[in-house]
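So the structure is just underneath, and the comments pick up after that.
The values are calculated or read from the model by the stated rules, or taken from the named source; none is laboratory data. Computed from a prediction, not measured in an experiment: that's the story for all the values here. Cβ coordinates were reconstructed from backbone atoms using ideal geometry, including for glycine residues, and neighbour counts include every protein chain displayed. Note: accessible area is taken over every heavy atom of the protein model, side chains too, but ligands, DNA and RNA are not part of it. Shrake-Rupley method; radii C 1.70, N 1.55, O 1.52, S 1.80 Å.
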Amino acid sequence: MSDAAAARSGALSVLDVDLDAIAENYLILKKKLNAGCDCAAVVKADGYGLGAVPVAQALFAQGCRHFFVATAAEGLALRPGLPPSALLYVLNGPWGATHSDFTAAGLVPVLNTPEDIAYWTRAAQTQGRRLSALVQIDTGMNRLGLSAADAVEMLEADFFKTLDIRCVMSHLACADDPAHPKNGEQLALFLAAAARLPTPCRLSLSNSAGIFLGPEYHFDLARPGCGLYGISPLSVGENPLRNPVRLRARILQTRRIDRLETVGYGATYTVVPPVKCATISAGYADGYLRCLSGRGHVFIHGEKCPVIGRVSMDTIMADVTDLKRECQAGDWAEIIGPHQTADAVAAQAGTIGYEILTSLGARYERNYIRT
Ligand SMILES: *Cc1c(COP(=O)(O)O)cnc(C)c1O
């Protein structure tokens, strides 16, 4: 098959996920932890959009045994992909599946409220055995977890004996900013809660960014997510992690425009003629956010090209006038990759890399590669 024929019949857009880069990021994060602190992997939202099963399998092979998902449905989808020795925790708690479905799949819920604790204790009575759970204490995020008052009451209650509490956890609100006073406040509240536990228990506080706050934030189990996927856990300074994502889409058409004309919906962008413009096969339905209209960039033949006019559902247009090497239909435009990370695209869109990755659409051909 000729190159042109291959381009025409092949994938229109391709997402390559480098599992070795993700495994390496896991090792970089793990190496920063205190001896004796386990490193979990947060694979919620389908592994931050990159595929929970292949990511978790690659990390299991790297020695990871603790995996966090957000919901029971995510846990049930991931379970068959992992050996029984993998421990799966459900952050949003014992919702969305029966307690017997939870336990049959070995899903361990995070108990966030007194009602969660009462429910899981009753489930243990019904099943006639000690059920496992994690308990979350809120230390200032005010999202999920027992309030300070509830924690005092609950932690002194009997459930610690009736349930097998694997770990007591909390979540940091500002860990990406090491100078933020909230970090120290949350740490102090967490230590105070830990000191009141009726029996010694494993503790977990840090997400990716928390790992970089220092050893006093590590405890027994760290829970990195974003760093595994190459999103920088640090709001300033160089990203210590590798980018595992490469996202490319084909150019479908190029055109020269020699007159004052507009490009795209709403006629919001007027060219400065003469220009050459390329139409690329990815749009907001693929997670190329519409707010990138007139603000995003793609790379063609390694050169930066501005996205012009509005982002459409299935296409974007880029100004390719100044390319040293001319492009044509069938060539690739890089959306995320060696030239620009998900964080860079996020900066153009006024959001965070997490949102760029978890918005990645279903139309990409997905390849899991090892480098
Ligand atoms: C998402 C999440 C994490 C992972 O956070 P990152 O910033 O992606 O490292 C850890 N813990 C909890 C409770 C979370 O919700």
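Any idea how many residues of region 334-352 are part of a helix (DSSP H, G or I) and open to solvent by 50 Å² or more (accessible area, probe 1.4 Å)? Qualifying residue count for the region: 1.
THR139 passes every criterion in (1) surrounded by 16 or more Cβ atoms within 10 Å (Cβ to Cβ); (2) away from the ligand (no atom under 16 Å from the Cβ); (3) among the hydroxyl-bearing types (Ser, Thr, Tyr) apart from (2). Please specify each residue of region 1-30 satisfying the condition of being open to solvent by 70 Å² or more (accessible area, probe 1.4 Å) and more than 17 Å from PRO224 (Cβ to Cβ). MET1, ASP3, ALA4, ARG8, SER9, LEU12 - these are the residues of region 1-30 that are open to solvent by 70 Å² or more (accessible area, probe 1.4 Å) and more than 17 Å from PRO224 (Cβ to Cβ).
What are the residues in region 259-279 that are in a strand (DSSP E or B) and open to solvent by 40 Å² or more (accessible area, probe 1.4 Å), if any? Let's see the steps before the verdict.
Here is the first cut: in region 259-279, the ones in a strand (DSSP E or B) are 262-263, 269-270, 275-279.
Correct list: THR262, TYR269, THR270.
Within region 346-371, residues that are away from the ligand (no atom under 16 Å from the Cβ) reach partners that are of a type in the set (Asp, Glu) with beta carbons closer than 6 Å, at six or more positions or on different chains, in the pairs GLY361/ASP286; ARG363/ASP286; ASN367/ASP16; ILE369/ASP16; ILE369/ASP18; ARG370/ASP20; THR371/ASP18; THR371/ASP20.
All told, VAL311 falls short of being in contact with a helix residue (DSSP H, G or I) (Cβ under 7 Å, 6 or more places away or on another chain), free of Cβ contacts under 8 Å to residues at least 60 places away in the same chain and assigned to a strand (DSSP E or B). Among all residues of region 31-48, there is none that is of a type in the set (Phe, Trp, Tyr) and surrounded by fewer than 22 Cβ atoms within 10 Å (Cβ to Cβ). For region 154-172, indicate whether the set of residues that are under 22 Å from the mean Cα position of the chain (by Cα) and either among the aromatic types (Phe, Trp, Tyr) or open to solvent by 10 Å² or more (accessible area, probe 1.4 Å) (or both) is non-empty. Among the residues of region 154-172, at least one is under 22 Å from the mean Cα position of the chain (by Cα) and either among the aromatic types (Phe, Trp, Tyr) or open to solvent by 10 Å² or more (accessible area, probe 1.4 Å) (or both), which makes the answer yes.
Scanning region 120-135 for residues that are farther than 15 Å from ILE165 by Cβ and either assigned to a helix (DSSP H, G or I) or in contact with a Pro (Cβ under 7 Å, 6 or more places away or on another chain) (or both) returns ARG122, GLN125, THR126, GLN127. Sub-7 Å Cβ pairs linking a first residue in region 273-287 that is more than 13 Å from VAL263 (Cβ to Cβ) to a second residue that is modelled with pLDDT of 95 or more and of a type in the set (Val, Ile, Thr), at least 6 apart or interchain, are PRO274/ILE257; SER281/THR315; ALA282/ILE316; ALA282/ILE335; GLY283/VAL311; GLY283/THR315; GLY283/ILE316; TYR284/VAL311, ordered by first then second residue.
Filter region 173-186 down to residues that are crowded, with 20+ Cβ neighbours inside 10 Å and in a helix (DSSP H, G or I), then give me how many there are. If you could, list the steps in order and put the result at the bottom.
Of region 173-186, the ones crowded, with 20+ Cβ neighbours inside 10 Å are 175-176, 183, 186.
This time we only want the ones that are in a helix (DSSP H, G or I), so: 183, 186.
Final tally of qualifying residues: 2.
The numbered conditions (1) in contact with a Leu (Cβ under 8 Å, 6 or more places away or on another chain); (2) within 16 Å of the ligand (Cβ to nearest atom); (3) without any contact (Cβ under 8 Å) to a residue 40 or more places away in the chain are all true for HIS180 except (1). Looking across region 353-371, the residues that are under 22 Å from ALA11 (Cβ atoms) and part of a helix (DSSP H, G or I) come down to ILE356, LEU357, THR358.
Which of the following residues is open to solvent by 10 Å² or more (accessible area, probe 1.4 Å), closer than 20 Å to LEU357 by Cβ, of a type outside the set (Gly, Ala, Ser) and more than 15 Å from the ligand (Cβ to nearest atom): ARG196, ARG256, ARG223, ARG248? Don't jump to the end; show me each part of the working.
Values: ARG196 fails: closer than 20 Å to LEU357 by Cβ; ARG256 fails: closer than 20 Å to LEU357 by Cβ; ARG223 fails: more than 15 Å from the ligand (Cβ to nearest atom).
Of ARG196, ARG256, ARG223, ARG248, the one residue that is open to solvent by 10 Å² or more (accessible area, probe 1.4 Å), closer than 20 Å to LEU357 by Cβ, of a type outside the set (Gly, Ala, Ser) and more than 15 Å from the ligand (Cβ to nearest atom) is ARG248.
Residues are listed down the side, and each one gets a yes or a no for (1) part of a loop (DSSP other than H, G, I, E, B); (2) modelled with pLDDT under 95; (3) out of contact with any Ser or Thr (no Cβ under 9 Å at 6 or more places or on another chain):
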site	(1), (2), (3)
LEU144	yes, no, no
VAL152	no, yes, yes
LEU191	no, no, yes
GLU216	no, no, yes
PHE219	yes, no, no
LEU228	no, no, no
PRO233	yes, no, no
